[in-house]
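What follows is one structure encoded as structure tokens, with my remarks underneath.
Throughout, read-outs are computed from the coordinates displayed, never taken from laboratory work. As the structure is a computational prediction, the values presented were derived from the model and not from experiment. Cβ coordinates were reconstructed from backbone atoms using ideal geometry, including for glycine residues, and neighbour counts include every protein chain displayed.
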Amino acid sequence: MTAQVPEKLLYEGEELSMCAEPLRCYFALTGLQPDFRSNCTALWRGYVGTWEISEGRLYLVKLQGTTNQDEEVSIATLFPDFPDRVFAHWFSGTIRVPQGKLLEYVHMGYGSKYERDLLFDIERGVVKKIELRQNGTSDIADDEEGYRIGAATVFSQQK
Amino acid sequence: MIFLIVYFAIGCIILAVIFFAHQASKRPSSTGWEEVANAFHPERATLRYRITTKVLLPILTGVLVLVAWPIMLPVALWKVRGVSKSKSTTGDEEKFSVARKNLLQQTTVEQIEQLERIDDPMGAAPALPFGHLNAAWVEFRKHLTPQHEIWTFSALWEPLWGPKEIREGYVAVLGNVVGPHFVTAIKTLGSP
């Protein structure tokens, strides 16, 4: 398995990397999931969602993906009546937003460890708690900050 | 001569039994899985590997069964037994269900629909019971009769892949039968 491309989170004017997949929960609850095409080991789920925390609530504001039938998938594909913004009331759990420099790289899922984790505790789409977790300090002074993926394999398009 | 014909005829029958039992027990092929396997083992994609595994090995196995079928007889029986067993259990292990021990509190459809109505200040969800999950709720309601009791439930679920989950929702109960159910929340266990 490869480290995975994160979802995006818009929070207080910043675009952050979000190590959680609230749509996975939606697909499990409804049984409705587009046949997403995955042609890269760093993006097995086949889509990237952009989320926003606004007024203490979690919203899906953008969705990018392609199906195996070459159809573009957007929010309107899943939620035709709400093409611009969807309240993620189906999601309960913790959203982890890694910050700072890399402490330990794990080439699997969202396993890598960073200096800090911003944790959003969500209950039915509503933010209940926000916590900053300190994981340590990097020894590499000039290392760049932010989420990263070491390597990935891209497959050729098969039809 | 007749002995040889009979011997190979039985071998052919056993070969056919093993072949069809193998086909019946095979899982549907998945392109995604092939891609994963090829990514980890690039040699799988070579022509030599494919000829060996898809042509040479099956031919050699067939010849072995024809020639030494008395030894392969247990294999044939094992294959046939495996098929009948898998047909009686396919999918059952992977299907989430609610048990009586998971029931929490009896409620009513009216109470649920009042409690679970979604109201979003930005209007980003239908103002209906369960919001974006309303269609699934309506589908669940179709299964209910006046004799059904509705209970809330909370159950631990261990998916084939990934961490354990707590699944919560509502379930219909009729006498000793628990189900169908409507899952409203999936909470993944473990630290983020």
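Here are the numbers for this structure:
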| quantity | calculated |
| --- | --- |
| Loop GluC sites (Glu not before Pro), the range A:1-67 (other Cβ atoms within 10 Å of the site Cβ: 14 or fewer; DSSP) | A:12, A:55 |
| Considering only the range A:1-84, percent of DSSP beta bridges that pair antiparallel, nearest 5 | 85 percent |
| Under Karplus coefficients 6.51, -1.76 and 1.60, residue-wise ³J(HN,Hα) of the range A:34-50 in Hz, glycine/proline x | x, 7, 4, 8, 10, 10, 8, 5, 8, 8, 4, 6, x, 8, 10, x, 10 |
| FRET efficiency for residue B:161 and residue A:48, using Cβ-Cβ distance with R0 set to 22 Å, rounded to 0.05 | 0.60 |
| Rounded if a/c under 1.5, otherwise prolate or oblate - the protein assembly as shown, Cα gyration tensor axes | oblate |
| Efficiency of FRET between residue B:56 and residue B:5 - r from beta-carbon atoms, R0 41 angstrom, step 0.05 | 0.90 |
| Selection of trypsin sites (Lys or Arg not before Pro), the range B:132-192, meeting DSSP coil and at most 13 other Cβ within 10 Å | B:164 |
| Mean separation of Cα contacts under 8 Å (6+ apart) over length of the range A:7-134, as relative contact order % | 20 percent |
| Calculated from backbone phi, Karplus (6.51, -1.76, 1.60) coupling profile of the range B:62-73 in Hz, x at Gly/Pro | x, 4, 4, 5, 4, 7, 10, 4, x, 6, 7, 4 |
| Rounded, prolate or oblate (a/c below 1.5 giving rounded, otherwise prolate when a/b exceeds b/c) for chain A by Cα gyration tensor | oblate |
| For A:123-130, mean number of other protein chain Cβ atoms within 10 Å | 2 |
| Peptide-level mean, for A:24-31, of C-beta atoms on other protein chains within 10 Å | 5 |
| Normalised alpha carbon radius of gyration of the range A:68-159 [divisor 2.2 N^0.38 Å] | 1.46 |
| Choice from A:141, A:88, A:42 showing the highest fluctuation, given a GNM over chain A with Cα pairs closer than 10 Å | A:141 |
| Filtered chymotrypsin sites (Phe, Trp or Tyr not before Pro), the range B:127-180: DSSP coil and at most 14 other beta carbons within 10 Å | B:161 |
| Taking only Cα atoms of the range B:94-188, radius of gyration then Dmax in Å | 14.0, 44 |
| CD proxy at 222 nm, helix term only [per DSSP H run n ≥ 4: -39500 (n - 2.57); per residue of chain A; nearest 500] | -2000 deg cm²/dmol |
| Candidates A:80, A:22, A:34: whichever shows maximal mean-square fluctuation once chain A is modelled as a Gaussian network with Cα springs under 10 Å | A:80 |
| Residue-averaged beta-carbon neighbours from other chains (10 angstrom radius) around B:159-170 | 1 |
| Span from the the range A:78-111 Cα centroid across to the the range A:1-73 one, whole angstrom | 7 Å |
| Filter on A:62/A:129; A:129/B:164; A:101/B:95; B:101/B:142; A:101/B:164; A:113/B:95 - keep pairs with C-alpha separation over 32 Å | A:101/B:95; A:113/B:95 |
